[in-house]
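Okay, so here's the structure we're looking at.
The values are calculated or read from the model by the stated rules, or taken from the named source; none is laboratory data. For clarity, every value in this text was computed on a predicted model and none was experimentally measured. Note that each Cβ is placed from the backbone with ideal geometry, even for glycine, and that neighbours are counted across all protein chains shown. All accessible areas refer to the heavy atoms of the entire protein, side chains included, with ligands and DNA or RNA removed. Shrake-Rupley method; radii C 1.70, N 1.55, O 1.52, S 1.80 Å.
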Amino acid sequence: PLRIIVFGDDEPAYDSTINLDRHIGETVEVTGDIFTIDISRRRGETKMVAYLYVGSLVKYLSKQELELTAEDVKAIKRFVNHVGADNVVNKLSDMFATSVIGYNTVKKGLLLCAASTCTDKTSKKIHSILVGDPGLAKSLMLKEAVKLVPNSRYESVQFATGKSLTAIVTKEDGDTLILRIGPIPQAKGAIAALNEIGRMNHEDQGLMLDTMQEQEFTTNKFGQ
């Protein structure tokens, strides 16, 4: 495995070391130099490890913020004036998931879910569950929903567990503890679309109740 050493006086690699835990498991881009170092402790033994010395600011790929320009604001106002203020949601539902004909009530619900996304835990979020017979494009609409908000995740969970969807602590070679996070925390501030959740057992479904209500969860393994 590649070990990362972070340094930098003028431009620290982490934007805030105090809140570093908020970025656990996120995909990042770093630039620096890779060095191979001999860490063997015995004579005649060679144990080489690759280290990446990071020299520039880390870019968090999950932080894809949408910025509205002045032209965007003008276009939105023209759209509202064209369709009417009372008909905006209906028109947006017609424009969403155009490959699926009808089901505008379902589309409105998914649009409201997208509109309620944010990282503020004091703001309550809207959760939706799609129930119906096979072949009603439920999975397709979930895949379309994750395109609405950056950093969203789609996961088919019929063979998943509640822990794999949230977080797991594993022990690797050398007793190294690794935190592996699932699609739910990866989609913080966005949409976590879980397909075929009805095929999960009730115990695993129960593990996600705190996450849905409190917008946070805890995990404990190996004392971590």
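All of (1) at pLDDT 85 or above; (2) open to solvent by 30 Å² or more (accessible area, probe 1.4 Å); (3) over 21 Å from Leu112 (Cα atoms); (4) within 21 Å of the chain's Cα centre (by Cα) hold for Gly182 with one exception: (2). Taken over segment 120-167, the residue count meeting the criterion of being assigned to a loop (DSSP other than H, G, I, E, B), open to solvent by less than 70 Å² (accessible area, probe 1.4 Å) and without any contact (Cβ under 8 Å) to a residue 60 or more places away in the chain is 15. Assess whether Ser62 counts as being assigned to a loop (DSSP other than H, G, I, E, B), over 19 Å from Leu112 (Cβ atoms), modelled with pLDDT under 75 and of a type in the set (S, T, N, Q). Criteria met by Ser62.
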